[in-house]
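Working notes for the structure below.
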Amino acid sequence: MTTHLTKFALFLTLAIIQTPAHADEPNNNCAQLAQPTLVRVIYTDVANTEDYTQSITYLKALSGRAMDQHHSVYGLTHATPKLDYEFKAVISSSPDGKVCMVPEVTIKAGFSDMQVYLAKELQDNCRKQIIREHEFEHVSAWKSHMRAGTKLMELPLKNAFAQPRQYDSISQAEQDLRPWVQSVMKPLVSRLMENITTTQRSIDSSFSYGNVENRLRTCP
């Protein structure tokens, strides 16, 4: 009764969108770009699959508990999360040659797969259903935290990119785009993973295991 965590894969793409500047505009075009930054969050769900053919030994190895002789793994949830983000630069050039830039960010979140394993040693339906319900607590936690956690990134990202940066050239803006976005995104992604890990561990706490074991004792 455990969950297997895998790391996020971060895929970054780069594009530049240049907005026209007019000769009668003031030199501080950055003030004109000081508007809410466009941040999109797209969450895509994935269907769960269930496997009842693997042994306790296999599940222990998959969970990383192969050397733990005092722990039997009757159920396991294996999730492969995906969190990709793409970013674009919105650039405006002022008549004096200065360049102003703000990023646009699109976050695509979801899972490559969500696999629930129940050990084949679970023969009776009563015990199998109890373990299955426990594993689906992991499934629910994964999906709800990914969906809500990435949505909660919107406001911090908009705040972080609300103030345009000014550069001497477009090439300077291009060079700064990736470090700027990454410096904001990495702590948010780390915090999301930490929250998910904490929640998953709470589902596998001693108290939770005790409740499951008490329910298993009621099976005929």
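The values are calculated or read from the model by the stated rules, or taken from the named source; none is laboratory data. Treat the numbers as computed from the prediction; the structure is a model and nothing was measured. Note: ideal-geometry Cβ built from the backbone for every residue, glycine included; neighbour counts use all protein chains shown. Areas reflect the complete protein model, heavy atoms only, side chains present, ligands, DNA and RNA absent. Shrake-Rupley method; radii C 1.70, N 1.55, O 1.52, S 1.80 Å.
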ask   = Is it true that I107 is within 29 Å of T49 (Cβ to Cβ), touching a Cys at 6+ places or on another chain (Cβ under 9 Å) and hydrophobic (A, V, I, L, M, F, W, C)?
value = no
ask   = Considering only residues of the range 173-207 that are closer than 27 Å to W142 by Cβ and of a type in the set (D, E, K, R), which is surrounded by the most Cβ atoms within 10 Å (Cβ to Cβ)?
value = D204
note = Residue count, the range 110-148, condition touching a residue at least 40 places away in the same chain (Cβ under 8 Å), open to solvent by 10 Å² or more (accessible area, probe 1.4 Å) and farther than 26 Å from T53 by Cα, comes to 2
key: Residue satisfying condition, being open to solvent by 50 Å² or more (accessible area, probe 1.4 Å) and either touching a residue at least 40 places away in the same chain (Cβ under 8 Å) or more than 27 Å from the chain's Cα centre (by Cα) (or both), within set Y85, Y74   = Y74
task = Can you tell me which residue within the range 121-148, out of those that are out of contact with any helix residue (DSSP H, G or I) (no Cβ under 7 Å at 6 or more places or on another chain) and β-branched (V, I, T), is farthest from A79 (Cα to Cα)?
result = I131
The range 207-218 residues that are more than 9 Å from R127 (Cα to Cα), paired with ones that are of a type in the set (D, E) and surrounded by 13 or more Cβ atoms within 10 Å (Cβ to Cβ) (beta carbon under 9 Å, 6 or more apart) = S208/E137
ask   = Given T199, T150, T218, which one is β-branched (V, I, T) and closer than 18 Å to T106 by Cβ?
value = T150
query = Cβ-Cβ below 7 Å, separation at least six or inter-chain, first residue in the range 151-173 and closer than 23 Å to P187 by Cβ and modelled with pLDDT of 90 or more, second open to solvent by 80 Å² or more (accessible area, probe 1.4 Å) and not polar (S, T, N, Q): which pairs?
reply = K158/P36
message = Condition (residue is under 23 Å from the mean Cα position of the chain (by Cα) and closer than 30 Å to L216 by Cα) applied to the range 144-165: is it met by at least one residue?
response = yes
message = Checking the conditions here, which among L188, L216 is out of contact with any Asp or Glu (no Cβ under 6 Å at 6 or more places or on another chain) and within 22 Å of Y85 (Cβ to Cβ)?
response = L188
